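Student: One structure, as structure tokens, below. Some questions next.
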Amino acid sequence: MKKGNRCSFFETSRHGGLVAAALLLSSAVSGAAVAAGAEPTKAALIRDALSAAPPSLAATATVMDWDHKVLRPGSGGYTCHPTQPALRKKGGREPMCLDKVWIEWADAWANKKPFKAN
């Protein structure tokens, strides 16, 4: 463990080096497609979105793009979104997965509506 009882995933994982290498390779491949100016395929968008979730959540998550089009239906309680197009065009990556409460909060925040978590 690091000072202050903080440790990273890579320090606690037996396969941290392999995970780090896979993440770097994934980012490099995604970045190459963006750098080339190519629009991502549906499969690439799904892969990007699901990269924000642990495998147990990704297996059942719904994947939705930023126009609210369902890219992959799911049966679980999470919805994953790929990196927003404006950020993707700049070479960034910021996919996210949210449950129902966080989706409701985000809608309230974006539309300046009151929010109360149940």
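Bear in mind these aren't lab numbers, they're just calculated from the coordinates by the rules spelled out. Just so it is clear, the model here is predicted, and its values are computed rather than measured. So basically every Cβ, Gly included, is an ideal-geometry build from the backbone, and we count neighbours across all protein chains shown.
Student: What is the gain in length, in nm to one decimal, between ASP67 and TRP105 on full extension, counting 0.36 nm per residue of separation less the C-alpha to C-alpha distance?
Tutor: That pair, ASP67 and TRP105, stretches by 11.9 nm at full extension.
Student: A further question follows. List CYS97, CYS80 from most exposed to least, where exposure is judged by having the fewest other Cβ atoms within 10 Å.
Tutor: Working: CYS97 21, CYS80 25.
Least crowded to most crowded, the residues run CYS97, CYS80.
Student: For the cross-link pairs LYS69/LYS116; LYS42/LYS113; LYS69/LYS89; LYS42/LYS116; LYS89/LYS116; LYS42/LYS112, which exceed 29 Å when the distance is taken from alpha carbon to alpha carbon?
Tutor: On the way: LYS69/LYS116 26 Å; LYS42/LYS113 32 Å; LYS69/LYS89 19 Å; LYS42/LYS116 34 Å; LYS89/LYS116 35 Å; LYS42/LYS112 31 Å.
Long pairs (Cα-Cα over 29 Å): LYS42/LYS113; LYS42/LYS116; LYS89/LYS116; LYS42/LYS112.
Student: Neighbouring Cβ atoms within 10 Å as the yardstick, rank ASP67, ASP107 fewest first.
Tutor: Lowest count first: ASP67, ASP107.
Student: Neighbouring Cβ atoms within 10 Å as the yardstick, rank MET64, MET96 fewest first.
Tutor: MET96, MET64
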